[in-house]
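Beneath this line is the structure, given in structure tokens, with notes to follow.
The values are calculated or read from the model by the stated rules, or taken from the named source; none is laboratory data. Bear in mind the structure is a predicted one, so any value in this text is a computation, not a measurement. Positions of Cβ are backbone-derived with ideal geometry, glycine not excepted, and every protein chain shown enters the neighbour counts.
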């Protein structure tokens, strides 16, 4: 299932306000209540919203992430723009580590025609995607796979990333606090990301603007850490001053500008 631009906007509006009625949304988008109900039903079926009498509420459970499939269909056009931008930065015959999450998977898809990549990843979706090109070499950790996300976490994964010095590290985050702190849903996610960033020549954060202000309990790292920050667009005014800081602004790349 792919969600429409209006459905993406519905999720974002409800995320900001917690709950909105069907009538309020119908007035906002200038469509019928029946249309909004259909949109909400699909979003609830995808576990992006929760039904409440007269409307829908945001699933605000910061200790538990949305399912991988739900995240994969959220903001697909934004993730695609980011992925194309990053793929253009990384040449064939590079060594690249990929972190967990759907945006790194989108980047992997955009790099399918790159040749002779050495790929280090704990993200099974990335490994399967890039295995379609037989010129690539793919290195993964062992251990118990985390389901349904299809990834690996733990000390052995951190050790894997420490054993390689790659050209590029492509990673996402669960959320970004207003002060620029990275947050995730499990402490092992933070530790594995730190190992990635410590063992690469160029680190690239990939994030759509919905990650700004998104809550999660485990903190570690900040916008000051990556060498490059690739967003689909600037986020809302509340965090824009942070990105205007000269040190961070120098790292910033907007995928929507590259597509113009």
Among residues of the stretch 1-25 being buried (at least 17 other Cβ atoms within 10 Å of the Cβ) and out of contact with any strand residue (DSSP E or B) (no Cβ under 8 Å at 6 or more places or on another chain), the residue nearest to residue 78 (Cα to Cα) is 8
Note down all Cβ pairs under 7 Å where the first residue falls in the stretch 1-16 and is within 11 Å of residue 56 (Cα to Cα), the second is modelled with pLDDT under 80, and they're at least six residues apart or on different chains. 11/48; 14/58; 15/58
Would you confirm whether any residue within the stretch 51-70 is crowded, with 18+ Cβ neighbours inside 10 Å, at pLDDT below 85, under 20 Å from the mean Cα position of the chain (by Cα) and assigned to a helix (DSSP H, G or I)? yes
Considering only residues of the stretch 194-221 that are assigned to a strand (DSSP E or B), at pLDDT 95 or above and surrounded by fewer than 19 Cβ atoms within 10 Å (Cβ to Cβ), which is farthest from the chain's Cα centre (by Cα)? 201
Being in contact with a strand residue (DSSP E or B) (Cβ under 6 Å, 6 or more places away or on another chain), buried (at least 22 other Cβ atoms within 10 Å of the Cβ) and not in a loop (DSSP other than H, G, I, E, B): is that true of residue 82 here? yes
Can you name every residue in the stretch 147-184 that is touching a helix residue (DSSP H, G or I) at 6+ places or on another chain (Cβ under 7 Å), surrounded by fewer than 23 Cβ atoms within 10 Å (Cβ to Cβ) and either in a strand (DSSP E or B) or outside the structural domain of residue 230 (by TED's automatic domain parsing) (or both)? 175
